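Single-structure report; data block below.
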Amino acid sequence: MSQPTPPAQPTPSPNPLFEKFSKQLKDHISKAGVMAVKAAEAADADKFGIDARITVAHEFVDLEVKGHAELLETLIAGPWVTPVVIGPSDNSALINVPKATAPRTVEIKTNFVRVGWKDMQLKPEQLNVSPLVLAAGATEVTITLLDPNFAGANYRGRVKLTTAGPTGATNAASTEDVVVTVGL
């Protein structure tokens with residue numbers, strides 16, 4: 001009996017910066033090849049004296065310096081591959097909040113701080129919470145990371161739960177902040 005084939009994993013794809021560097025590298029290799037052939041032809045024709053050798057050496061050094069400068073420019077410009085976008089199921093965490101007898105709105109109003117690294121913080125707009133309204137008696141909320149650059153760490157923050165008053169207006173006395181730690 002054969003095993004089912006697992007679904008194909010998405011792979012990063014080259015982006016324009018990678019394509020630019022790739023073209024630069026190919027151009028430099030081609031130019032070096034042309035220079036080497038010319039030098040070999042000059043040597044074969046016995047026209048490769050000290051001045052010609054120095055000229056060729058300077059051309060190769062010039063090519064090398066320009067190549068490194070272009071490589072550095074490309075490296076500084078950004079990533080060479082476009083990252084795979086992680087789906088919500090890959091970077092979400094289910095949290096439990098205290099049960100309540102009335103529906104509550106769920107919000108993230110403060111930054112989530114990376115555990116062990118206080119300088120690394122996720123702003124509320126980098127996270128999504130669902131459901132936005134938690135039914136009476138419900139205790140499960142999903143927090144989803146929207147920026148895959150911050151995936152793979154634990155974050156601690158506050159989820160604000162607000163119970164609507166009798167006319168639908170929020171009642172400050174019915175607001176609860178729940179401290180949660182999520183692995184995203």
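Quick note: the coordinates plus some simple rules give every number you see, no bench work behind them. Only a predicted model underlies this, so the values are computations on that prediction, with no experimental measurement involved. Here the Cβ is made from the backbone with ideal geometry for all residues, glycine too, and neighbour counts use every protein chain on show.
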On alpha-carbon atoms, Rg over Rh for segment 100-163 using Kirkwood Rh? 1.02
Give, in nm to one decimal, the length gained when the segment between residue 48 and residue 36 is fully stretched (0.36 nm per residue of separation minus the Cα-Cα distance). 3.1 nm
What's the local net charge at residue 174, with K and R +1, D and E -1, over the other residues with C-beta under 15 Å away? 0
Using modelled amide H (1.01 Å from N, peptide plane; none on Pro or chain starts), what sits under 5 Å from the amide H of residue 110, excluding residues fewer than 5 places away? 158
